[in-house]
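Novice: Questions regarding the structure given below will be posed in turn.
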């Protein structure tokens with residue numbers, strides 16, 4: 001039982017509990033806070049794997065920008081506790097089996113083929129911001145430019161949507 | 001040889017005339033329609049004459065030319081092949097010549113009828129098909145003509161289609177013909193299956209090399225010949241498929257003359273004569289042909305004895321005379337049968353056209369009991385009809401004397417039952433003479449049985465009487481080919497036809513000469529007998545008696561139509577109505593179609609519930625799709641594990 | 001070292017939980033958050049593979065996913081705001097105008 005394994009299990013359990021909490025909470029703000037906990041846990045796992053830059057981006061962008069946006073919207077809309085309506089019988093009965101089936105398939109596939117995955121490197125040996133940025137601006141420059149374009153479009157979209165009706 | 005190389009021009013001309021009149025003739029005046037119709041038929045006749053001239057100049061070599069491939073399937077080829085040999089020459093001249101005369105006659109008879117252009121269009125179309133039939137060099141093309149004349153017969157019988165009895169008669173003719181055609185087709189199929197060709201030259205050569213079937217043996221050749229004869233029975237109105245011909249009198253009289261006397265009904269005789277090689281190899285069928293022909297001759301003559309409609313008498317007379325032709329073919333005297341076909345065309349067309357002239361004079365009256373004393377009023381018609389009557393009764397030197405005589409002589413000499421055939425044939429001749437002269441006395445002599453104020457009796461115009469006179473002349477002279485046999489010479493007609501129909505029909509001609517003269521004398525006596533009995537009964541003023549007993553049976557045509565209705569037509573209609581319509585059509589077919597529509601609608605109704613508008617349900621469906629994709633992708637990886645150990 | 005399969009199984013579990021949340025929650029915003037949870041699970045898988053194979057490609061892809069998620073969140077929340085104003089409710093089951 002190495003230290004990294006212990007840390008892994010702690011962070012993993014934290015993530016899982018937070019996700020379950022997201023499902024079980026009734027007020028959306030509590031769900032949002034649970035999601036933030038999930039993201040932080042995942043950032044910790046990224047650090048454990050040696051992907052510092054990704055961990056940092058995760059916290060800053062995901063946790064600091066997107067989730068804040070979510071919280072602002074919840075406050076703006078004065079969200080209340082969920083109504084207890086249940087119009088879809090299909091969703092009620094098929095939801096859990098479906099999720100179990102999908103997750104089960106993936107998990108089984110992973111378990112079956114885990115032998116063919118190479119052993120992980122010691123953390124921090126390979127990944128660094130320098131390598132990442134080199135890759136980003138050489139092999140992946142096209143998707144990079146396209147994503148900047150995508151952000152522009154998103155901004156425009158958000159502005160259009162937020163306009164007051166004349 | 002210009003015409004022979006373009007033999008197709010002979011049938012094409014009437015087809016063109018038919019098309020032009022049919023498509024464009026609707027508003028045209030009668031004169032224009034006449035020009036097209038008569039022009040095309042006349043040119044066709046002229047081309048036919050020219051073709052015959054070339055044929056004779058060429059040493060009477062049988063001519064055959066393939067014009068284009070119509071059906072080519074594997075080894076089978078049925079082409080648009082036309083041929084000209086001696087038999088074709090006779091048929092061609094009869095069809096185009098008599099046809100042309102009847103066309104001229106029709107311009108007068110139909111002058112005041114509606115649908116004038118339609119009549120001539122159909123008439124020309126008929127000429128086209130009949131010419132295809134006689135010129136064809138294989139069975140398939142012949143069958144095209146065979147079916148085509150049946151169609152035109154239907155169209156022309158039902159020409160007055162607004163009259164129910166006329167349209168019913170047209171349907172009856174077509175349907176009864178169809179039954180015969182079915183037999184004909186089966187015969188063709190059998191021949192094709194056995195010999196792999198339907199071309200006359202090939203086929204008959206192959207048949208000639210085969211052994212003859214024995215009497216009573218139902219080999220391939222016998223069955224094929226029998227089936228072809230069934231077709232001939234339908235087309236040529238023999239027992240038991242003759243019932244359409246008397247009803248066909250609903251059509252205009254020129255139609256009765258052309259189609260139901262001179263040409264279409266002779267198609268059956270033509271086919272039997274053309275296939276004489278086949279029939280010679282099947283003596284059983286020859287016997288059947290002779291017996292059916294003889295029986296029909298007698299049977300129809302008995303019905304004709306008591307009919308009151310002038311055209312009905314002639315219709316039954318036609319059936320009877322066709323029986324003679326088949327009798328001739330059945331005893332092996334094919335050329336005698338064809339001879340009688342030719343003379344019959346002359347005098348029967350003459351009789352029908354004269355009857356038409358009488359009807360025209362009487363303003364549409366067809367019942368003989370409402371006529372009488374017309375001889376002095378319509379002289380030209382009277383004399384022409386008299387010529388025809390004398391001819392059909394078989395008096396010397398008119399045409400039928402020679403042809404009927406040749407048939408009866410051949411019948412007398414044929415083995416196994418020939419004498420019986422001869423006797424019945426002779427009886428039929430007596431009856432023929434009787435009912436024809438009865439017709440003459442009732443129509444033209446005696447007191448007037450019509451009202452002079454309502455009926456204005458007038459002679460027909462020239463375009464009707466001139467063809468009558470031409471046909472009368474032919475009725476007199478048409479048989480003179482055989483004149484030399486009276487003093488032991490040759491029969492030119494038989495000699496002319498022998499390359500096409502096989503020589504040596506009547507053996508031992510020298511000794512038979514006395515016998516032939518004797519039988520001719522007996523035949524004349526028979527004709528006289530009929531004449532005298534008719535004279536005694538009908539020459540003086542007669543009153544129409546009540547119809548009872550034997551008379552009633554004969555008048556009602558032995559109730560054959562009623563029998564067919566009860567035994568065949570009735571059950572068939574019941575089957576159609578109650579089984580095929582109610583069960584098969586409504587239940588099965590409609591049910592299936594409606595059922596599919598219903599099913600689709602039901603499925604739609606069920607699937608509709610997925611469109612609930614509920615987003616969560618939609619989300620579930622999206623995930624179901626994702627699950628399917630995962631399953632497809634991950635199954636090969638997961639699969640071994642499921643049966644193996646625990647994940 | 002933590003075997004890669006552990007990370008992947010965790011990713012699968014988080015993904016499944018995201019699905020459950022997606023199907024069962026009725027608040028639009030919560031559903032959107034479930035989508036973000038699923039994206040995070042996928043990110044974890046990418047990084048795990050990246051570490052396993054020794055290449056940085058996976059992490060680059062994670063960056064792209066985060067960018068896209070951000071753009072999507074911006075626009076999506078804008079739409080949610082408008083919808084909520086229109087229907088005066090945040091309950092996704094009240095938005096059923098496509099019902100036949």
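Novice: Using mean Cβ contacts within 10 Å as the protection proxy, how do B:37-44, B:406-413, B:76-83, A:86-93 order, highest first?
Specialist: B:406-413, B:37-44, B:76-83, A:86-93
Novice: Could you tell me the distance between the Cα centroids of region B:139-195 and region B:418-439, to the nearest Å?
Specialist: When both Cα centres are located, 30 Å separates them.
Novice: Now a separate question. Among B:49-58, B:64-73, what's the highest-first ranking by average C-beta atoms within 10 angstrom per residue?
Specialist: In decreasing order of mean packing, B:49-58, B:64-73 become B:49-58, B:64-73.
Novice: Average partner chain C-beta neighbours within 10 Å, per residue of C:79-88?
Specialist: Details: counts 3, 4, 5, 3, 0, 5, 1, 0, 0, 0.
Across the residues of C:79-88, the mean count of other-chain Cβ atoms within 10 Å is 2.
Novice: Over chain B, what is the relative contact order in percent, taking alpha-carbon pairs closer than 8 angstrom and at least six residues apart?
Specialist: 11
Novice: Measure of size requested: the Rg and Dmax of region B:319-473, with Cα atoms as the atom set and Å as the unit; please supply both.
Specialist: 17.4, 60
Novice: For the protein assembly as shown, max minus min Cα coordinate along each principal axis, in Å, sorted largest first?
Specialist: 142, 68, 54
Novice: Here is a further query. State the volume of the convex hull built on the alpha-carbon positions of region C:4-94, expressed per residue in Å³ and rounded to an integer. The partial results should precede the final answer.
Specialist: Working: hull volume 5.1 nm³, N = 91.
Taking the convex hull of the Cα positions in region C:4-94, it is 56 Å³ per residue.
Novice: Using Cα-Cα distances under 8 Å and only pairs 6 or more residues apart, what relative contact order does region C:4-94 have, in percent?
Specialist: 31
Novice: Can you grab the distance from the C-alpha centre of region B:251-294 to the C-alpha centre of region B:26-104, Å, no decimals?
Specialist: When both Cα centres are located, 20 Å separates them.
Novice: Still on this model: On C-alpha positions alone, give me the angle between the axis of helix C:4-24 and the longest principal axis of chain C, in degrees, nearest 10.
Specialist: Helix C:4-24 and the main axis of chain C meet at about 0 degrees.
Novice: Over region B:289-381, what relative contact order in percent results from Cα pairs under 8 Å that are six or more residues apart?
Specialist: Dividing the mean separation by the residue count of region B:289-381 yields 30 percent.
Novice: Turning to a different aspect of this structure: Per residue of B:262-269, count partner chain C-beta atoms within 10 Å of its C-beta, then hand back the mean as an integer.
Specialist: Values: counts 0, 0, 0, 0, 0, 0, 0, 0.
What the average comes to for B:262-269 is 0.
Novice: Continuing with this model, one more query. Per residue of C:32-41, count partner chain C-beta atoms within 10 Å of its C-beta, then hand back the mean as an integer.
Specialist: 6
Novice: To test your reading of the geometry: what angle, between 0 and 90 degrees and rounded to tens, separates the Cα axis of helix B:283-304 from the longest principal axis of chain B?
Specialist: 70
Novice: If you don't mind, there's one more thing I want to ask. Apply the Kirkwood formula to region B:110-228: the hydrodynamic radius equals the inverse of the mean of 1/r over all pairs of different alpha-carbon atoms; give it in Å with one decimal. Mind dumping the intermediate values first?
Specialist: Working: mean 1/r = 0.0610 Å⁻¹.
Taking every pair of different Cα atoms in region B:110-228, averaging 1/r and inverting gives 16.4 Å.
Novice: Grab the DSSP H runs of the protein assembly as shown that are 4 residues or longer, score each as -39,500 (n - 2.57), total them, divide by all residues and round the 222 nm result to the nearest 500 deg cm²/dmol.
Specialist: Computed ellipticity for the protein assembly as shown at 222 nm equals -23000 deg cm²/dmol.
Novice: Okay, moving on. Which of rounded, prolate, oblate describes chain B, given a ≥ b ≥ c as roots of the alpha-carbon gyration tensor eigenvalues and a/c under 1.5 marking rounded, otherwise prolate only if a/b is larger than b/c? Working shown, then result.
Specialist: Numbers: a/c = 2.14, a/b = 1.73, b/c = 1.24.
Prolate, since a/c reaches 1.5 and a/b exceeds b/c.
Novice: Shifting gears a bit: Could you please rank A:38, C:68, placing first whichever residue has the fewest other Cβ atoms within 10 Å of its Cβ?
Specialist: Lowest count first: C:68, A:38.
Novice: What do you get for the angle between helix B:334-361 and the principal long axis of chain B? Use alpha-carbon atoms, 0 to 90 degrees, nearest ten.
Specialist: 80
Novice: Using a 10 Å cut-off on Cβ atoms, rank the peptides B:308-320, C:69-81 from the highest mean neighbour count down.
Specialist: Those peptides, ordered most packed to least, come out B:308-320, C:69-81.
Novice: Which whole-percent values make up P(r) of chain A when all C-alpha to C-alpha distances are grouped in 5 Å steps starting at zero?
Specialist: 1, 7, 8, 12, 16, 16, 16, 12, 7, 4, 1, 0, 0
Novice: Beyond 21 Å, what percent of the Cα pairs of region A:1-81 remain?
Specialist: In whole percent, the long-distance tail amounts to 34.
Novice: Now for a different question. Using the reciprocal of the averaged 1/r over all distinct C-alpha pairs, how large is the Kirkwood radius of region B:23-157 in Å?
Specialist: Result for region B:23-157, one decimal place: 16.2 Å.
Novice: Distance between the C-alpha centers of region B:525-566 and region A:1-73? Whole Å please.
Specialist: Between the Cα centre of region B:525-566 and that of region A:1-73, the gap is 119 Å.
Novice: Could you tell me the largest-minus-smallest coordinate of the C-alpha atoms of region B:235-294 on each of the three principal axes, in descending order and whole angstroms?
Specialist: Here the spans come out as 41, 21, 13 Å, largest first.
Bear in mind these aren't lab numbers, they're just calculated from the coordinates by the rules spelled out. As the structure is a prediction and not an experimental result, all values here were calculated from the model. Heads up, the Cβs are rebuilt from the backbone with ideal geometry, glycines too, and the neighbour counts pull from every protein chain shown.
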